[in-house]
Structures are given as C-alpha cells and as structure tokens.
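Working notes for the structure below.
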Amino acid sequence: MATTRHTAKYRIRKNDMVMVVTGRDRGKTGKVLRVMPEEGRVVVERLNVVKRHSKPRGPQSQGGIIEKEAPIQISNVMIFCDRCNAPVRAGIKIDADHAHTRFCRRCNEGLGND
C-alpha cells in the first residue's frame, strides 16, 4: 500500500518580509525568495548563508567558494508586519465573494501582496 504525502498549507509566501525567531540568525529580517512546502522550508534573502566549494565546469565557469542562501525551517520564521514593526501571526479573512486575504492578528491590517 502506497502512502500519500500531504503538503501543508502555509501562510508565508514568496516576497513576504519575514523575521527569523529561532536559530543562528534570530532577530534578522529578509524577503522570502522561495517557499518549499513539500519540505516545510523557505529560502530568505541574505539569511542562513553557507559557503559551497565548486569545481570549475568548462572554460567560462570559474571554480571557488560560493556563498548562497540555504533553506530555513518554515517554523523558525514569522511574517513581519511593517505597521506593528514586529513578527506576527497571519490570519485569513474570507470576503463575500469568497476571496481570501491575509491579515495581521495583532493590528488587524491586511498583509502585503494579496
């Protein structure tokens, strides 16, 4: 019998401003570059930077040490509300025409790019 994997729905989306609440980069904010719901991870701009050693591949690609953002567990980040100036939980409001909009649970204002 094959097991099916359910992907959780997260309220964090690409281009959201988030703050890291746990770990090495705690207290830092950045923009979400990529959300990976299957793994439960996000990639945040200029946070969780790791160094990777790469071999030169052909004449035009150079080898060396490359710094890049590594994924962070999605539970370690929270949406950052500009109005509250704090990390907040997001809620979802459903309008009369069944449109979903995210809102800040602290100040009740709509969140970013919906």
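On the stretch given as region 85-114, residues that are part of a loop (DSSP other than H, G, I, E, B), in contact with a Cys (Cβ under 6 Å, 6 or more places away or on another chain) and closer than 18 Å to Arg26 by Cβ total 0. In region 39-53, is there at least one residue being without any contact (Cβ under 8 Å) to a residue 24 or more places away in the chain, among the small types (Gly, Ala, Ser) and within 25 Å of Phe103 (Cα to Cα)? Within region 39-53 (the criterion being without any contact (Cβ under 8 Å) to a residue 24 or more places away in the chain, among the small types (Gly, Ala, Ser) and within 25 Å of Phe103 (Cα to Cα)), the answer is no, since none of the residues qualifies.
Restricting Val35, Val50 to those that are assigned to a strand (DSSP E or B), surrounded by 17 or more Cβ atoms within 10 Å (Cβ to Cβ) and in contact with a strand residue (DSSP E or B) (Cβ under 9 Å, 6 or more places away or on another chain) reduces the list to Val35. Among the residues of region 16-25, just one is under 16 Å from Ile79 (Cβ atoms), surrounded by fewer than 17 Cβ atoms within 10 Å (Cβ to Cβ) and not hydroxyl-bearing (Ser, Thr, Tyr), namely Val21. For Ala90, the criteria (1) closer than 21 Å to Ala8 by Cα; (2) without any contact (Cβ under 8 Å) to a residue 60 or more places away in the chain; (3) of a type in the set (A, V, I, L, M); (4) touching a Lys or Arg at 6+ places or on another chain (Cβ under 7 Å) hold in every case but one, which is (2).
In this entry, Ile79 is excluded by the filter for residues that are buried (at least 16 other Cβ atoms within 10 Å of the Cβ), assigned to a loop (DSSP other than H, G, I, E, B) and of a type in the set (A, V, I, L, M, F, W, C). When Val44 is tested against (1) of a type outside the set (Ser, Thr, Tyr); (2) modelled with pLDDT under 95; (3) under 14 Å from the mean Cα position of the chain (by Cα), just one condition goes unmet, and that condition is (2).
The values are calculated or read from the model by the stated rules, or taken from the named source; none is laboratory data. Since this is a predicted model, take the numbers as computed values, not measurements. Note: ideal-geometry Cβ built from the backbone for every residue, glycine included; neighbour counts use all protein chains shown.
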